[in-house]
Structures are given as structure tokens and as C-alpha cells.
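The structure appears right after this line, and notes come after that.
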Amino acid sequence: MTTIRNPILPGFNPDPAICRVEGDYYIATSTFEWFPGVQIHHSRDLVNWRLAGRPLDRKSQLDMRGNPDSCGVWAPALTYADGLFWLIYTDVKRRLGNFKDTHNYLVTAPSIEGPWSDPIYMNSSGFDPSLFHDDDGRKWFLNMVWDHRRRRTSFDGILLQEYLPQERRLAGPIKNVFKGSPLGLVEGPHLSKRNGWYYLTVAEGGTAYNHAVTMARSRTIDGPYDLHPNIHLITSKDDPDAPLQRAGHGFFVETDAGEVFHTHLCSRPLPGTKRSPLGRETAIQRVVWGEDGWLHLAQGGQVPAVEVDGPDLPPHPFPAEPERHEFDDGGLPSAFQWLRTPEPDRIFSLEARPGHLRLYGRESVGSWFEQALVARRQTSWFYSAETVVEFSPDTYQQLAGLICYYDRARFHYLAVSVADDGSRVLQVISSLGDHPDALMTYGLERDLPIPALGRVYLGVDVRLSELRFRWSEDGERWQSIGPVLDASILSDEAGPGAHGSFTGAFVGMAAHDLSGRALPADFDFFVYRDEPNPI
């Protein structure tokens, strides 16, 4: 029997919705403000996974310019029925304060590779939507409902309404079918049916350290729903020493052989802290149907395990992602994403200078509209990254280089710029979780002079909460630059405004031109490698 080691999708991959199509398994996860929207991973053995695509890749499907940090695509739900994949998602336009603007959409495709349709608007009453295909052919739409009045709680239950696919619209009565358990903050609904029971799986407790997977069931789709005898199927909230914390928000899938596995999000805080730069990751647990007709963790209890027995399926590994990307094949490597805009030609090009990624300096670091930042997820507590840039700024308003980024108030940036006298320099710039002002600090008492022309190699090494930049003129002889920086600020939990932050740490390339002249910066390669974990 194979062993599954969690998390199966390391780094920022939250809110996993799983579905099976014959021998193929797919997990859709949230991408928030990162474009293209929704990550879909594929497996044939539940052990090995590959990125199959990001379906929301054009303006008609998703335009997040102006979306604040940690808004955008929340909690997609992926199902398969009637020869189609059905993908439901929310585009969140506001998350802070009493109000949330949460617009829910549906796209479909005959294949996981597409083509994916233009979206059908569903509603805006809350977030975390999903679609259930009943065995009588009817389809039902669910989402949590947001109460801006906050008279009791803003999480006011789970709404249910019928969806008419022929008419491409919701219709009929809207019913609040489940108010949640005493834990509260009910969200993330998914429906299933077994032996005449409708099973409702939800997330509760908020997506921090009180998070949980809660189950309920009813003989009728609109309830009333009775709670699982343990209330929560999966949670780490009562075990602060569990390696997988913040466990909650997922769904289950059954193999052909009747084995059942349940996804959930989790985080791995840095030792001795409650900060998780890797963000909320995806894990999976073996579960079993008990004689009482409820799912239970196979290992007993409610706390998720790092290692679980895998399914009785042939191993199906995929080629490993390369550490080094040369930008020679005409397309952006799949590991990389950018922020918000559906018009990538305005922020980068792979054709303007063949063999290079050219970034066009746009708005400031942390802009919610048009920022030239192309990056990939941090997937380990220990990693190194390098790149090389050619960039000829003529004003201090122009910067380009290597960035470790969470959001506009949490980043570390090793940037090429110019001093007041016009000489080219290196700067170390950080924002240390300063919400809401996003004030910057500088890691060097004086900017470091570098040659006026030519390539500049930039690198970073992260070891747990320590982050150290380095640079080189030739890519062989490296020199450290700046102090040891705090890598833990690149996390959901860091900073006074951390509540309601939902993404994870990225590392990549950036260019900014506050003069408005879109000065280009050319990057010849990017290397990312996870280092051995000595812990």
C-alpha cells in the first residue's frame, strides 16, 4: 500500500474541492488576487499531483484590477456531470468592514484542459459557492450568506436554490438550510448523497486556528440537517501541537474500490510561532463510513495526520518541475502567476527579447491595479532562488529586481535603481506588515553602488524565518547584501492587519516605474530550489 504524505499540494493552495472522473482525480484551489484564476491539480493515485491548468485566463472570465489584497477568487468548487466540468467561483471585490461584495459565477468545459466557457452570473449574496447534481437530474446551488448587520454573526447560514441549466439561471425559492454548529462562522458548503441521505460538508470556525470540517445530514435536500455525532470530522483546534494546523474546508471523494478520502486545507506554522509563510496548503485524509452512517477519520479522532495510507491504485508519478527556467520556450512557465490584470501584455513579454522575460515597469509595489510582478509560490521552509536582470534606470522612481512578496504591506525587495547622482545602485526595501499604511524600511544605511551597465545577478536564501539577499556581477562570486530579514512576515498571520489575509509567500521578479514611462527590465532566467529540511 502506498503512503500519502501531507500536504499533497505544498505552498499556497487553499480551499480544496475534489472530484473524480473515472480514474482521474482533480482538486481545485483558491488563487485570490493571483492571475490566471483557480489552480486545478490532477492525479491518478492521490499521491502524485501535477498542475493541470488555471481555467480563468481571460478578461471575460476574470478582471481583478482594483481588488484589494486577499480578494479575488475564493473557494472554487469543481464537479463533473452531463459530460461537462462545472466550475463555480467567487470574485470578491471587498472584504474589510461590515460589507463584502461577492459575485458568484459558473463556467463549464468538456475537458479539464478546456475550452472553458464565458461565465454565467449566479448571485452575490455570499461567498464559497458550490453546485450539486442530484440523482434526479436537478441541480442545486449553495453558498454561505453574508449579513452585513452583524446582529449575531455575519456568517448567517447556507443558502440553497435550484439552478436551471437550460435557462442558465437560478430559480425558485431561496432557503437557508443550515445555520452551522455552535462553533459558528459556517461557510464552504458542499453537498453529496448516499443511501437516501443528503450530506452537507461545511467549513467552520474561521480559517485560522479554530478551523474545522463539520458534517450534517438530512433526508431532504432543504433540511433540517442534523449534526455529525462528533460535530467536526476534521480539526486541529484542540491540538496545538499537531503538525497540520488550521485544518478545515474540504470535501471527500470515493475510489472505484470504495475507498474514501477527504481533502482539507491546513497550514504548517514555523516552529515556535503561529506564522505560516507557506500559506494554507492542501492535505488529504483517509476516511471510512462507520456503522452509524457517518464519515470518520480512519486513524480515529479528529486530528489530521501527516502520513496516511494511500488508495489501492497503481503509482502514477509525474515529471518533476524543473528548478531552472530559461524563458526560451515561448510561454510563461506554469509555476508562475502575476497579480490581478487580465492584460498581461501590458506587464510582461516573452517575445520582445527572445530568451528573456521582459517586465514593463508599471505601478508601485503593492498596487491593486497594474503591477509588473511575476512570481511563484514558496513551497518549503528552506529554499534558494536566483535570477539575473538587465535594467538601466535613470531615476530613483524606477526599480527592478528580485522580490519575496505576500501583499502590499508584506514584502522584501532587492532592487536595482539609481542614486540621486544617477549612479546605479542596489537597494533592500521591506514592508514589515505595516497595515494599513504599508510604510517601507530600507535594509542598507547607504545604497550599494554597482556597475553602471550590464547584468546583475540577484539571489535569496530562506531558512525558516531568516531571509538573506545576495548579489553577484558574474553569477559565480556571490556577496551577501543587507541584514538578515524576517521571512515570517510573509504570512497570513503577520502584522496588525493580518486578520482576513488568505494567500501565501511568493518569490519572483518585479519592475516598477513610477514615472509612467514603463521602462523595461529583462530577466534571463529564474531558479527556485527547495533545500533539504534539517528539522
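The values are calculated or read from the model by the stated rules, or taken from the named source; none is laboratory data. All values derive from a computational prediction rather than experimental measurement. For neighbour counting, all protein chains shown are included, and Cβ atoms are generated from backbone atoms with ideal geometry for every residue, glycine included.
Would you check which residues across the range 516-535 are at negative phi and surrounded by fewer than 18 Cβ atoms within 10 Å (Cβ to Cβ) and list them?
Listed by number, the residues that qualify are 517, 525, 527, 529, 530, 531, 532, 533, 534, 535.
Does the range 340-357 contain at least one residue that is under 23 Å from residue 494 (Cα atoms) and out of contact with any His (no Cβ under 6 Å at 6 or more places or on another chain)?
yes
Counting only residues that are at pLDDT below 95 and within 16 Å of residue 306 (Cβ to Cβ), how many does the range 1-44 have?
Looking only at that region, the number is 1.
Looking at 492, 522, 513, which is the one that is under 30 Å from residue 265 (Cβ atoms) and not hydrophobic (A, V, I, L, M, F, W, C)?
492
Determine whether the range 323-340 contains at least one residue that is surrounded by fewer than 13 Cβ atoms within 10 Å (Cβ to Cβ), more than 17 Å from residue 523 (Cβ to Cβ) and out of contact with any strand residue (DSSP E or B) (no Cβ under 7 Å at 6 or more places or on another chain).
no
List the number of the failed condition for residue 503; all other conditions in (1) in a strand (DSSP E or B); (2) buried (at least 24 other Cβ atoms within 10 Å of the Cβ) hold.
Residue 503 satisfies every listed condition except (1).
Taking the range 483-494 as the region of interest, how many residues are modelled with pLDDT under 95 and either farther than 17 Å from residue 280 by Cβ or buried (at least 23 other Cβ atoms within 10 Å of the Cβ) (or both)?
2
Out of all the residues in the range 114-131, which are within 14 Å of residue 174 (Cα to Cα) and more than 21 Å from the chain's Cα centre (by Cα)?
122, 123, 124, 125
Please indicate, with yes or no, whether at least one residue in the range 430-452 is of a type in the set (A, V, I, L, M), assigned to a strand (DSSP E or B) and closer than 17 Å to residue 512 by Cα.
Taking every residue of the range 430-452 in turn, none turns out to be of a type in the set (A, V, I, L, M), assigned to a strand (DSSP E or B) and closer than 17 Å to residue 512 by Cα.
Given the conditions (1) under 18 Å from residue 367 (Cα atoms); (2) without any contact (Cβ under 8 Å) to a residue 60 or more places away in the chain; (3) buried (at least 20 other Cβ atoms within 10 Å of the Cβ); (4) not aliphatic (A, V, I, L, M), report the number of the one that residue 513 does not fulfil.
Residue 513 satisfies all of (1) under 18 Å from residue 367 (Cα atoms); (2) without any contact (Cβ under 8 Å) to a residue 60 or more places away in the chain; (3) buried (at least 20 other Cβ atoms within 10 Å of the Cβ); (4) not aliphatic (A, V, I, L, M) except (2).
Restricting to the range 391-410, give me the number of residues that are within 26 Å of residue 278 (Cα to Cα) and among the aromatic types (Phe, Trp, Tyr).
2
Of everything in the range 50-101, what is of a type in the set (Asp, Glu) and either surrounded by 19 or more Cβ atoms within 10 Å (Cβ to Cβ) or closer than 23 Å to residue 19 by Cβ (or both)? Give them in sequence order. Step through it out loud before you land on a result.
Taking the range 50-101 first, the residues of a type in the set (Asp, Glu) are 57, 63, 69, 82, 91, 101.
Once the filter is applied, which keeps residues that are of a type in the set (Asp, Glu) and either surrounded by 19 or more Cβ atoms within 10 Å (Cβ to Cβ) or closer than 23 Å to residue 19 by Cβ (or both), the range 50-101 yields 57, 69, 82, 91.
Check whether at least one residue in the range 380-393 is small (Gly, Ala, Ser), buried (at least 23 other Cβ atoms within 10 Å of the Cβ) and either at pLDDT 95 or above or under 26 Å from residue 70 (Cα atoms) (or both), and report yes or no.
No - not one qualifying residue is present in the range 380-393.
Please report, ordered by residue number, the strands (runs of 3 or more DSSP E) entirely within the range 67-142 with at least 3 residues that are farther than 24 Å from residue 406 by Cα, outside the structural domain of residue 408 (by TED's automatic domain parsing) and out of contact with any Ser or Thr (no Cβ under 8 Å at 6 or more places or on another chain).
It comes to 72-81, 120-123.
Just to verify a result, which residue in the range 173-211, among those that are among the hydrophobic types (A, V, I, L, M, F, W, C) and in contact (Cβ under 8 Å) with a residue 60 or more places away in the chain, is surrounded by the fewest Cβ atoms within 10 Å (Cβ to Cβ)?
197
Filter the range 351-361 down to the residues that are under 27 Å from the mean Cα position of the chain (by Cα) and surrounded by fewer than 23 Cβ atoms within 10 Å (Cβ to Cβ) and list them by number.
If the condition is that a residue be under 27 Å from the mean Cα position of the chain (by Cα) and surrounded by fewer than 23 Cβ atoms within 10 Å (Cβ to Cβ), then 356, 358, 360 are the ones that fit.
Which condition number does residue 424 fail, the rest of (1) farther than 20 Å from residue 69 by Cβ; (2) of a type in the set (Lys, Arg); (3) out of contact with any Pro (no Cβ under 9 Å at 6 or more places or on another chain) being met?
Just one mismatch for residue 424, condition (3).
(1) closer than 18 Å to residue 129 by Cβ; (2) in contact (Cβ under 8 Å) with a residue 60 or more places away in the chain; (3) buried (at least 20 other Cβ atoms within 10 Å of the Cβ); (4) not acidic (Asp, Glu): which one isn't true of residue 232, the others all being true?
(1)
Restricting the search to the range 234-255, which residues are touching a Leu at 6+ places or on another chain (Cβ under 9 Å) and in a loop (DSSP other than H, G, I, E, B)? Outline the logic, then answer.
Of the residues in the range 234-255, the ones touching a Leu at 6+ places or on another chain (Cβ under 9 Å) are 234-237, 246-250, 252-253, 255.
Scanning the range 234-255 gives 236, 237, 249, 250, 255.
Take the residues in the range 406-462 that are hydroxyl-bearing (Ser, Thr, Tyr), touching a Leu at 6+ places or on another chain (Cβ under 8 Å) and at pLDDT 95 or above; name whichever of them is farthest from residue 524 (Cα to Cα).
Ranking the qualifying residues of the range 406-462, first place goes to 431.
Looking only at residues that are surrounded by 23 or more Cβ atoms within 10 Å (Cβ to Cβ) and among the β-branched types (Val, Ile, Thr) in the range 19-44, which one is farthest from residue 242 (Cα to Cα)?
38
Give just the number: which of (1) within 17 Å of the chain's Cα centre (by Cα); (2) not in a strand (DSSP E or B); (3) not β-branched (Val, Ile, Thr) does residue 283 not satisfy?
Going through the list (1) within 17 Å of the chain's Cα centre (by Cα); (2) not in a strand (DSSP E or B); (3) not β-branched (Val, Ile, Thr), residue 283 breaks only (2).
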